[in-house]
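Contents: one structure, followed by commentary.
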Amino acid sequence: MTTPPTRPRWCQVVLDTTDARRTAEFWRPLLGLVYRPGHEPPPAGEPDPAGSDWLNLFERDGTPRLAFQQVPSLPRTTWPDPDVPQQLHLDLTVDSVAELAAVHERVLALGGQLRYDRSDDPDEPLRVYVDPAGHTFCVFVA
């Protein structure tokens with residue numbers, strides 16, 4: 001009998017950012033995630049030690065999804081211009097063009113910016129955005 005190879009398990013995606021709290025506050029409501037206990041925003045005017053270092057967002061069942069690491073500087077991607085490539089991007093899906101339109105409004109309201117619009121493509125409607133820290137992500141109908 002052979003022992004199966006040891007494999008690491010997927011945990012989460014970590015994004016560097018110059019403003020961990022703001023970036024987390026973009027992704028948290030967009031994806032319906034919750035803070036890891038102890039990483040919630042402090043009361044107004046109070047120090048935010050977690051927000052100036054590292055923040056984690058989980059599914060409501062406690063499954064880790066995203067983390068944000070504070071860095072002193074981060075060149076913003078210029079995609080689709082190739083000067084500063086995407087380096088990594090997240091793909092998100094919705095079930096219909098109507099949902100794509102609704103998500104578009106939410107992304108903009110949360111501070112995201114549209115970089116590419118192919119929402120009228122009959123085969124694969126999609127839009128490409130950047131979050132407030134400049135991380136690229138796609139939302140497409142699948």
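The values are calculated or read from the model by the stated rules, or taken from the named source; none is laboratory data. Model, not experiment: these values are computed from the prediction. In this analysis, Cβ positions are derived from the backbone assuming ideal geometry, glycine residues included, and neighbour counts consider all displayed protein chains.
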Give the residues of segment 74-116 that are polar (S, T, N, Q) and more than 16 Å from V14 (Cα to Cα), sorted by residue number. T77, T78, T93, S96, Q113
For segment 49-93, name all the residues that are surrounded by fewer than 15 Cβ atoms within 10 Å (Cβ to Cβ), of a type in the set (D, E, K, R) and either over 18 Å from the mean Cα position of the chain (by Cα) or at pLDDT 90 or above (or both). D53, E59, R60, D61, D81, D83, D91
When F140 is evaluated against the numbered criteria (1) at pLDDT below 95; (2) in contact with a strand residue (DSSP E or B) (Cβ under 6 Å, 6 or more places away or on another chain); (3) surrounded by fewer than 17 Cβ atoms within 10 Å (Cβ to Cβ), which criterion, by number, is the only one it fails? (3)
Considering each of T3, T17 in turn, give the residue that is of a type in the set (V, I, T) and either surrounded by fewer than 11 Cβ atoms within 10 Å (Cβ to Cβ) or on the phi > 0 side of the Ramachandran plot (or both). T3
Select from segment 95-113 the residues that are in a loop (DSSP other than H, G, I, E, B) and within 17 Å of the chain's Cα centre (by Cα) and write down the one among them that is surrounded by the most Cβ atoms within 10 Å (Cβ to Cβ). G112
